[in-house]
1. With part of a helix (DSSP H, G or I) and at pLDDT 90 or above as the only criterion, which of LYS203, LYS197 stands out?
2. Applying the selection to the range 129-143, what residues are crowded, with 16+ Cβ neighbours inside 10 Å and assigned to a loop (DSSP other than H, G, I, E, B)?
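The values are calculated or read from the model by the stated rules, or taken from the named source; none is laboratory data. Nothing here was measured: the structure is a model prediction, and the numbers come from that model. Note that each Cβ is placed from the backbone with ideal geometry, even for glycine, and that neighbours are counted across all protein chains shown.
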Amino acid sequence: MGCVDSGDQQLLEQVLRGKSEAQIKVIKYFVAEEGCMSKNISDDEYFSMVMRKKDNMDFRAKALSKIGLDEDEVSEIAPVMFEGFVFENAYAKQRANGQWVSSSYQVAWLFFSSTQVYIYRHTFNMDEDKKSESTDEFFYRDVTSFSTSSETETAHGLGGKKIEVESNKFYMVVPGDKLYVSMNGVSDSESIIQGLKHKLREKKSQ
């Protein structure tokens, strides 16, 4: 495999400037072909880096803290977690097994009280320190629907190269807004969604 050309090499050096050692490894994994500059981390090594960062953050505890409720106050049904890579405006790469990964990962928790649904979303990046975090709460009567969709997101490579990736998402539709979270990493999403739809119909009929 070849290396990046001289123009991309200069751009890569600019992108890497000021990054931590771990962030440099991540960026090279996405944009530098094997054999360039140094040996890249493997697909499995990168995936393990993401999972370690996710597990170390204890998002369930973060979600409950942000919502400001004890777990026994949101036990109408079992809490639900969605997670997965986010591709929009992130670095992306197709692994040897055909699965796509990106430099951005999202975790969301949904909690359910007797009258409201709470959603906590956190997106972190592997190539920079940037993150985003939000909480929302809605009465069941104000939730229009729970649904899923598959959309094309535009990721990027070195030098502004565009990469189109299909991404699976969970949506909670409320008046005037649509809250989405990635569920690319959820294997039993269909059964989870059906359970949420059933609970919503039950609450709206009361």
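1. On the way: LYS203 fails: at pLDDT 90 or above.
Being part of a helix (DSSP H, G or I) and at pLDDT 90 or above holds for just one of LYS203, LYS197, which is LYS197.
2. Result: VAL143, single match.
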